Amino acid sequence: MPLGFHRNRPTGKPGEWFYCIKHGKVEEGPECPAKDRLGPYATPEEAAHALETAELRNREWANDPRWSDRPAGEGKE
């Protein structure tokens, strides 16, 4: 008999807010699997802006010289 592992079982706690990228909605606690969520966030308003927050952070990281694969001193092409 197989062990009861549930890989898609949602994890999280009530009071934690997430943005579900699969359903395009804010949710509290464990509703959707973690692979489909961004968060946790402290408030539903923060979770509602999760995609914008991720885009901003991605741009910041892309322009951060500490995360660049280019040799020092080499500019963007």
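All of the numbers you see were taken from the coordinates with simple rules; none came from a lab. Predicted model, so just to flag it, every value in this text is computed and none were measured. Don't worry about glycine lacking a Cβ; one is built from the backbone with ideal geometry, like all the others, and counts go over all protein chains shown.
Scalar couplings 3J(HN,Hα) for segment 16-30, obtained by applying the Karplus form with A = 6.51, B = -1.76, C = 1.60 to θ = phi - 60°, are 9, 10, 10, 10, 8, 6, 6, 9, x, 9, 7, 9, 9, x, x Hz; x denotes Gly and Pro. For the listed peptides 34-40, 54-60, a ranking on the average number of other beta carbons within 10 Å per residue, highest first, reads 34-40, 54-60.
Selection among V26, P65, A50 by position relative to the dipole of segment 16-71 gives P65 as farthest towards the positive end (Cβ unit charges, Cα centre).
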